[in-house]
1. Can you give the accessible area of PHE314 in Å² (nearest 10), computed on protein heavy atoms with a 1.4 Å probe?
2. Full extension from LYS141 to ILE41: what is 0.36 nm times the residue separation minus their Cα-Cα distance, to one decimal in nm?
3. Given a 1.4 angstrom probe, I'd like the percentage of the accessible area of the range 40-82 that is carbon and sulfur, rounded to a whole number.
4. With all protein chains present and a 1.4 Å probe, how do ARG337, ARG504, ARG369 order by accessible area, largest first?
5. Considering only protein heavy atoms, what per residue accessible area in square angstrom results for the range 70-143 with a 1.4 angstrom probe?
6. Just read off the accessible area of LYS527 with the full protein assembly in place, 1.4 Å probe, to the nearest 10 Å².
7. Based on the Kirkwood radius over alpha-carbon pairs, what value in µm²/s does the Stokes-Einstein equation return for the translational diffusion coefficient of the range 23-121 at 37 °C and 0.692 mPa s?
8. Going from most exposed to least, what order do TYR364, TYR449 have by accessible area with a 1.4 Å probe?
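The values are calculated or read from the model by the stated rules, or taken from the named source; none is laboratory data. As the structure is a computational prediction, the values presented were derived from the model and not from experiment. Side chains are part of the model used for accessible areas, which takes the heavy atoms of the whole protein and leaves out ligands, DNA and RNA. Shrake-Rupley method; radii C 1.70, N 1.55, O 1.52, S 1.80 Å.
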Amino acid sequence: MESTFTPHLRTNYVPSKSEVEQIREHLSKPLEEHTRLKEKIVRFQAILDDLHEQRNKLDVHIQDHLALISGARRLPHDVVREIFCCCLPTDRNAVMSATEPPLLLGRICSDWRKIALSTPNLWASLHIHVPHCREPAHYSKWGLIAEAVKHWLELSGSLPLSISAACPPFLGRQVDRQTSLGITYFLNVLTRHTHRWEHIDFTFPLPELVTAVALLTEADVPMLKSVILESTVFNDIISGDQWPPLISFLNTPTIREVSILSFKHTAYLRPLPWSQLTGLYLESGLGPWDNALSETAALNILKQCPMLVKCKLFIESDPVSPVPHPVAQGIMLPHLRSLILVEGTDDAMTPQFVNCLGFPGLTYLGFRRFSNSHVSHLPFALLNFFKRENKIEELELGLEAISPPDLMQCFKLAKNIKRLTLNAPERLWGYPANPALTDHTLDILSPSYGDDELHCPALEEITLRSCRELSDAKILSFLRERTDPANTADGMVILKRATFTINREMMTDIMPGSQPMIANGLNLDLKYIPPPLELDPEVTEVSDGPRLKVSYITWVPDQFFSPFRGLRKRTMNTLV
């Protein structure tokens, strides 16, 4: 739209008084047209709003009727129940959290809530976190949790139960009276259902545990298959007269797996039905010193367990003689698939102990050694496992006190290892941990290492935990060598999965350099965990496709009433 003042538009020109009148006269018609268009827009907007409203009403009408014919609505209830049951976690018990099944399934619609509440299988497993009672305000919370547990177990009907219950660790030996009463109350709620116990996992102070199970007999637990008992008080000491009431109910013919954790004096375990056990885990004490089984005691236990499939023992050499007891010679464990051995203090397990055992089907081996010294130079009995024919495909090592030469020798002998896990905590019982997990560790696992033959040539998966001294550049270099097809000519298997937990900030971003390997099939998981370690973690994950995950973990205050505290996987086939 042109005017005589067009050349002056958007300039600093100041019109005269007569020109002002001309401009006003010129704008009279545009202003009228603007008003007309504005009124027209209002009319059309009203029509458009009405059309939107009609469309929205139609959407609601259509969606409501489509819902009537949806496949989910027409599914038979028994099919919905099966789908619900498939939503439950398979490697741990269900948790009292509205963010997970089964509680989440009851928050979708009223019909699904009715189905969920009438499906006993959804409520046949449960994990309970029993918090410390720090102040009176927590008492009511305890009551609500206890009532929820009662209702949960009622919903499970008459089905066998898988229950785990845990109280946080106590730093001292004394448990305050109010907390003790609360723990006892929770245990009493659970012991009302002993006739349905199938798998139980209790982590509580010893006096409360003994009180809860003292009167139980094998007749009270006709379905019991697996038991985990753990103390939350440091070095809880079990006297000879406490063992019978604590474990006498385990003599049921259905028992298959027993785990006794964080107790002293496991020599009183004679009443257990050793011959029928397929799983046995004995860890005697939260601290390693003066609590471990002697070699002779361990061998005498193992000779009574011919059906063992998985086993974890905390042992040390005999104080007088390293020669095993004569009756323990030549113990054959034909069904054993998983074995975890933990050495106590500086008393290294002797090669004679290993030589007494026969396990032709062993596929997983875990080993950890505690030591007061910075690096132990004692005989490394683990090497005896690899010096004879074996089928071990998975190896997990705790590097607290394993010397680098022993570690190198182990790698050299582990020709069949497909999955390797190395754990290297920074401190151990107040002492500096062995800094064995360094760049040199990955060097000796790399094809370019100057040795006669490749170490761990069959390696397909590697997991390294707490590797603060490991550089990002070395990780990338190692991954390139173990995924390079050119190195397969020397018998190397291409690495398929790598997981690194690094206790520091990221120094070098290796994501760009790892993309070609990921594109060729490598699954890479990096976790960076800067200190402090006394707080609970909050994880931020950055994923780039299905095969790469980088986690930046920061530390946040502990969630005191979190229902997930104390939860662990049903399998205990792990070293840490």
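1. Estimated to the nearest 10 Å², PHE314 gives 10 Å².
2. 30.0 nm
3. Of all accessible area on the range 40-82, carbon and sulfur atoms account for 63 percent.
4. Sorted by accessible area, descending: ARG337, ARG504, ARG369.
5. Roughly 53 Å² per residue, with all protein chains present.
6. 50
7. Rounded, D is 175 µm²/s.
8. TYR449, TYR364
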